[in-house]
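Enquirer: Have a look at this one.
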Amino acid sequence: MTEARMTPAVAKRFRSGRACLDFAHTAETPDWREPELVYDRPSLERWLSHILGLAAVRTEPGDVAEAHRLRAAILRLARARTSEQPFDPQDVDVLNAFAAAAPPIPRLTANGALAPLAATAVAGLSAIARDAIDLFAGPLGHRIRVCASPDCAYMFVDASRPGTRRWCSMQRCGNLAKVHTHRDNQAVKDLAR
């Protein structure tokens, strides 16, 4: 599944700037009113492939439940970081346990190119967990933001120089906010006439 074939609402879930937050956005939550995107083994394979750029992912029974467990921990940790709350030790333990598995291992071909990367779901989830650890413990950990749009709760990494990005996507939420502001200003001007 490519981003171009996703609906705009679903596609914006994958513009956070980090694989771990993109994976967290596959969840169905009351915050973003979109459907669950990882609901069976093929959907887990598809989304790990999409998020990590893998050619193939192999899943085993139980991998979807484990993916949901990791994803829930990442969501809670990211929300704790955005609200400057302490991390729940149980979520930290879950994250560290997933990161302990070997991540997908790149391979070089005889002609010097990178071989298409295939992995197990366990390895893919390890890569997601390692990305989350890098984000939460690194310099961008304090740059995790929640979209300022009142009807959007997507998280993103604000990598802008001044650190003042407000929208998950300027093309979607930022543009809608500008349109609303323009309409409100126009209505005030019309009333003043």
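The values are calculated or read from the model by the stated rules, or taken from the named source; none is laboratory data. Bear in mind that the values here come from a model prediction, so they are computed numbers and not experimental data. All Cβ positions, glycine included, derive from the backbone under ideal geometry; neighbour counts span all protein chains shown. Surface areas here come from the heavy atoms of the whole protein model, side chains and all, with no ligands, DNA or RNA. Shrake-Rupley method; radii C 1.70, N 1.55, O 1.52, S 1.80 Å.
Enquirer: For region 95-101, just list the computed ³J(HN,Hα) in residue order, Karplus coefficients 6.51, -1.76 and 1.60, θ = phi - 60°, integers in Hz, with x standing in for Gly and Pro.
Expert: After applying 6.51 cos²θ - 1.76 cosθ + 1.60, I find 4, 5, 5, 5, 5, 5, 6 Hz.
Enquirer: Let me ask another. Residues with amide H under 5 Å of Asp158's amide H, sequence separation 5 or more or different chain, H placed in the peptide plane at 1.01 Å from N; which?
Expert: Residues meeting the amide H criterion: Ile144, Arg145.
Enquirer: Highest mean first, how do 90-98, 45-53 rank when packing is the count of other Cβ atoms within 10 Å averaged over residues?
Expert: Packing proxy ranking, top to bottom: 45-53, 90-98.
Enquirer: If packing is taken as the average count of other Cβ atoms within 10 Å, what order do 122-131, 152-161, 100-109, 65-74 fall into, highest mean first?
Expert: Per-residue Cβ counts within 10 Å, averaged per peptide and sorted highest first, yield 122-131, 65-74, 152-161, 100-109.
Enquirer: Placing +1 at every Lys and Arg Cβ and -1 at every Asp and Glu Cβ, with all other atoms neutral, what dipole size does region 23-173 have around its Cα centre, in debye to the nearest 20?
Expert: So the dipole magnitude of region 23-173 works out to roughly 560 debye.
Enquirer: Still on this model: Would you kindly derive the ³J(HN,Hα) couplings of region 112-124 from the backbone phi angles with the Karplus curve 6.51 cos²θ - 1.76 cosθ + 1.60 (θ = phi - 60°), listing them in order in whole Hz, with x for Gly and Pro?
Expert: Once rounded to whole Hz, the list reads x, 9, 7, 6, x, 8, 10, 7, 7, 4, 4, 5, x.
Enquirer: Counting only protein heavy atoms and a 1.4 Å probe, tell me what percentage of region 77-161's accessible area is made up of carbon and sulfur.
Expert: Ligands and nucleic acids excluded, carbon and sulfur give 58 percent.
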